[in-house]
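Q: Quick one: this structure, given as C-alpha cells, is what I'll be asking you about.
The values are calculated or read from the model by the stated rules, or taken from the named source; none is laboratory data. Predicted model only: the values in this text are computed from it and were never measured. With ideal geometry, Cβ positions are generated from the backbone for all residues, glycine too; neighbour counts draw on all protein chains shown.
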Amino acid sequence: MNRRRFIYQSAALSAAMFLSKDLFEQNKLLDKIGIQFFSLPKLLEKDFAGTLAMLSKMGYKEVELYGPYPFSTEAAQKRWDSVTTALGFKGSGFFGHSINEIKDMLKQNDLVVPAVHTDLDTLQNRMDKLGEAAQVLGFEYVILPSIPDEKRQTLDDYKKMADAFNKIGEAAKKAGVKFAYHNHGYGLKEKDGQIPLKQILDGTDPSLVFFEMDLYWTTAGGADPIAYLEKYKNRYHLMHIKDMSKKMQFSGDGGNSSQWIELFPYMTTAGSGVIDLKTILPKAKENGVKHFIVEQDIVADPEVALKKSFDYLASL
C-alpha cells in the first residue's frame, strides 16, 4: 500500500468512526433525561450545590422543582409545614437559596429547568409570581401534581376542576408559561359510568391545558398508558418515569394516600421492573412527550438508584 492510499484510507476510517458516533447519538431514544427533585429531597436539603453536581455527573440534563416557593401562598406554606415532620425534611422550592443563587448553581452544572410543580392555590392566585420566576429560571411549564381531596369527590367536582384548569391555563399563557396537570392514582376508574381523568382531558382546551403522565400511578390505576398517549396525542408534554417491581394495582380507586403508600415499596429503578418502558417511551415520543423525568419518590440510596435509572434510559 502506498503512502497516499494509506493516508486516504485512514482518513476515511476516522470519518466513518465519527459519523457512526454522530448517528449513534442521534438515534438514542432520549437525548435528555430529567429528574424530579422529590426523588432526593434530603440530599438537596443537606447539600444543594453538591447534589446538583452529583446529578450532572450522572448525566441528567433537566431538573423539575417542587414547591412551595418563597412566593407561594400562605395556605400552601402552612400545608407544607404541617407534613414536614412526617416526611423527615423541610426543604422545598429553592431549599433556602435565592432564585438567582439557584439559577447560578444550575448553570454551573449544565442543568436546566423545564418545569416546576406547585399547588392549586398558588396557580390560581400567584400566577404572576410564577411567571416572574420563569423569567429567571427559564422554565416553560407550571404543573399541578395533584387535585386536593375535597375537590375531586364527585363527577361534578371533576367538571368544575376542568373549568378551573381552563382559567389557569389562560392565566398561564398571559404570564408566559404553560399549565399542565400531573395525574395521580385517582380518576382512572369509572365513577358513575365515566372516567374522571377523561372528563378533564375532554373538558379542557388543548391549547391551554397540557398533561404530565405518571407511568407508575397510571399503571397502578389499571389504565393503559399507550391508549391515553394515542387517544390524546400532543396533550401529554411531560412524563414521570417510575418502574414497578411487580404488577400491582390500588386496593381501591386510588383516591387516598393510604392506597398510594401501600404501593411505595414496589417502586424500583427504571428498567428493573415490569412496566414496558421499551414500548411505552417510543410511543410517548411519537405522540408528543417532550420531557422524560425520572421520579422515585424519596428513594433510598439515591446516589445508586438514580444512576441506575439514568444508565438504563440512556441505553435505549
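Q: Just the residues that are at pLDDT 95 or above and in contact with a Leu (Cβ under 9 Å, 6 or more places away or on another chain), please, taken from the stretch 243-270.
A: Listed by number, the residues that qualify are Asp243, Met244, Thr269, Ala270.
Q: Within the stretch 201-231, how many residues turn out to be touching a residue at least 40 places away in the same chain (Cβ under 8 Å) and closer than 13 Å to Ala180 by Cβ?
A: Residues in the stretch 201-231 being touching a residue at least 40 places away in the same chain (Cβ under 8 Å) and closer than 13 Å to Ala180 by Cβ: 7 in total.
Q: Here's a follow-up. Those residues that are over 18 Å from Gly255 (Cα atoms) and assigned to a loop (DSSP other than H, G, I, E, B), I need them from the stretch 176-202; list them, please.
A: Hits for the stretch 176-202 are Gly176, Val177.
Q: Now for a separate question. Check whether at least one residue in the stretch 243-250 is out of contact with any strand residue (DSSP E or B) (no Cβ under 9 Å at 6 or more places or on another chain) and surrounded by 18 or more Cβ atoms within 10 Å (Cβ to Cβ), and report yes or no.
A: Checked against the condition, which is being out of contact with any strand residue (DSSP E or B) (no Cβ under 9 Å at 6 or more places or on another chain) and surrounded by 18 or more Cβ atoms within 10 Å (Cβ to Cβ), the stretch 243-250 yields at least one hit.
Q: Being free of Cβ contacts under 8 Å to residues at least 24 places away in the same chain and either part of a loop (DSSP other than H, G, I, E, B) or surrounded by 15 or more Cβ atoms within 10 Å (Cβ to Cβ) (or both) is the filter here, so list the residues in the stretch 45-86 that pass it.
A: Asp47, Thr51, Gln77, Trp80
Q: Is it fair to say Gly169 is over 15 Å from Gly255 (Cβ atoms) and assigned to a loop (DSSP other than H, G, I, E, B)?
A: Judged against the criteria, Gly169 is not a match.
Q: Can you tell which of Tyr158, Tyr141 is crowded, with 16+ Cβ neighbours inside 10 Å, of a type in the set (Ser, Thr, Tyr), assigned by TED's automatic domain parsing to the domain that holds Val209 and more than 22 Å from the chain's Cα centre (by Cα)?
A: Tyr158
Q: Moving on to the next point. For the stretch 176-194, name all the residues that are surrounded by fewer than 22 Cβ atoms within 10 Å (Cβ to Cβ) and either farther than 21 Å from Leu238 by Cα or small (Gly, Ala, Ser) (or both).
A: Listed by number, the residues that qualify are Gly176, Lys189, Glu190, Lys191, Asp192, Gly193, Gln194.
Q: Just to check your reading of the model, which residue among Val294, Val299, Val274 is crowded, with 19+ Cβ neighbours inside 10 Å, at pLDDT 95 or above and in the same structural domain as Ala86 (by TED's automatic domain parsing)?
A: Val294
Q: Show me the helices (runs of 4 or more DSSP H) entirely contained within the stretch 203-292 in which 2 or more residues are under 22 Å from Ala162 (Cα atoms).
A: Working: elements: 215-220, 225-231, 257-263, 277-286.
Output list reads 215-220, 225-231.
Q: Output the residues belonging to the stretch 113-144 that are more than 20 Å from Leu43 (Cβ to Cβ), of a type outside the set (Gly, Ala, Ser) and in a strand (DSSP E or B).
A: Pro114, Tyr141, Val142, Ile143, Leu144
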